[in-house]
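**Q** Structure incoming, see below.
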Amino acid sequence: MSKNRLIGLSASLLFTFGLVTGAAMADGPQIIKISAKRFEFTPSEITIKKNVPVVLQLTSTDRTHGIAIPALNLRSDIPAGKVTELKFTPNKSGDLKFYCDVFCGDGHDNMEGKFKVTD
Ligand SMILES: [Cu+2]
């Protein structure tokens with residue numbers, strides 16, 4: 001095989017690899033880490049894409065909190081000391097509010113955030 005053919009072959013292999021990984025990234029889940037503590041979620045505003053699966057990786061740094069996303073009819077406890085996964089796929093754009101639904105003290109009622117779902 002000539003040197004030029006070898007270069008051409010490796011260039012097309014690289015191109016194919018780039019296309020495959022690009023597609024995988026576009027279709028892969030949106031992995032979002034959210035940390036909970038008295039009395040906030042960090043981050044509390046998260047932009048996500050419509051129709052792309054979301055995997056929330058939830059942790060707490062102090063005690064058990066909860067996360068409720070009423071529009072999706074979803075909730076989970078967030079115990080301290082482990083990662084809790086919650087999965088969903090947003091099917092319309094707009095804001096999806098979430099809040100803590102495990103009473104955690106005086107600021108509990110303000111412990112909330114939102115997903116901004118974009119097209
Ligand atoms: Cu709470």
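The values are calculated or read from the model by the stated rules, or taken from the named source; none is laboratory data. Keep in mind the model is a prediction, meaning the values are calculated, not measured. So basically every Cβ, Gly included, is an ideal-geometry build from the backbone, and we count neighbours across all protein chains shown. Surface areas here come from the heavy atoms of the whole protein model, side chains and all, with no ligands, DNA or RNA. Shrake-Rupley method; radii C 1.70, N 1.55, O 1.52, S 1.80 Å.
**Q** Output the relative contact order of region 29-118, whole-number percent, from Cα pairs under 8 angstrom with separation of 6+ residues. Let's see the in-between values first.
**A** Working: 225 pairs, mean separation 31.6, N = 90.
Here the relative contact order equals 35 percent.
**Q** Starting from the Cα-Cα distance between residue 93 and residue 63, subtract it from 0.36 nm times their residue separation and give me the gain in nm to one decimal.
**A** Length gained between residue 93 and residue 63: 7.6 nm.
**Q** Step through the residues of region 59-76 one at a time and calculate ³J(HN,Hα) from phi using the Karplus curve (6.51 cos²θ - 1.76 cosθ + 1.60, θ = phi - 60°), rounding each to whole Hz and writing x for Gly and Pro.
**A** Computed from phi, the couplings for region 59-76 are 9, 10, 9, 10, 8, 5, 10, x, 10, 10, 10, x, 4, 9, 6, 10, 7, 7 Hz.
**Q** Please compute the net charge surrounding residue 60, taking Lys and Arg as +1 and Asp and Glu as -1 over other residues with Cβ under 15 Å from its Cβ.
**A** Summing Lys and Arg as +1 and Asp and Glu as -1 gives +1.
**Q** Starting from the Cα of residue 50, draw a straight line to each of the lysines and keep only those under 16 Å, dropping any in the same chain fewer than 8 residues away.
**A** Of all the lysines, those that pass the test against residue 50 - Cα under 16 Å, at least 8 places apart if same chain - are 87, 92, 97, 114, 116.
**Q** Another question about this same structure. Can you give the accessible area per residue of region 34-73, in Å², using a 1.4 Å probe? Spell out each step's value before the answer.
**A** Values: 1930 Å² over 40 residues.
Heavy-atom accessible area per residue stands at 48 Å².
**Q** List the pair-distance distribution P(r) of region 29-118, using every Cα-Cα distance, as the percent of pairs falling in each 5 Å bin from 0 up to the bin containing the longest distance, rounded to whole percents.
**A** Once binned at 5 Å, the Cα pair distances of region 29-118 give 3, 16, 27, 28, 16, 7, 3, 0.
**Q** Accessible surface of residue 38 in the full protein assembly, 1.4 angstrom probe, to the nearest 10 Å²?
**A** Accessible surface of residue 38 is approximately 120 Å².
**Q** Follow-up question, since we're still on this one. To make sure I understand the rule: partners must be lysines, Cα under 16 Å from the Cα of residue 82, and not fewer than 8 residues away in the same chain. Which ones qualify?
**A** Here the lysines satisfying the reach criterion relative to residue 82 are 33, 37.
**Q** Can I ask one more? With both bridge residues required to lie in region 29-118, what share of the DSSP beta bridges run antiparallel, to the nearest 5%? All intermediate terms of the calculation are to be shown ahead of the outcome.
**A** Working: 20 of 32 bridges.
Percentage antiparallel, nearest 5: 60.
**Q** Pull up all non-local amide H partners of residue 48: gap of 5 or more, or a different chain, and H-to-H distance under 5 Å with H placed in the peptide plane.
**A** Counting only residues 5 or more places away or on other chains, the set is 116, 117, 118.
**Q** Let me ask something else about it. Out of the chymotrypsin sites (Phe, Trp or Tyr not before Pro) in region 36-112, which ones are loop residues according to DSSP with at most 13 other C-beta atoms within 10 Å?
**A** Counting only loop positions with at most 13 other Cβ atoms within 10 Å, the chymotrypsin sites (Phe, Trp or Tyr not before Pro) in region 36-112 are 103.
**Q** With Cβ to Cβ distances under 14 Å as the rule, what net charge do the other residues near residue 119 carry (K, R +1; D, E -1)?
**A** Here the count lands on +3.
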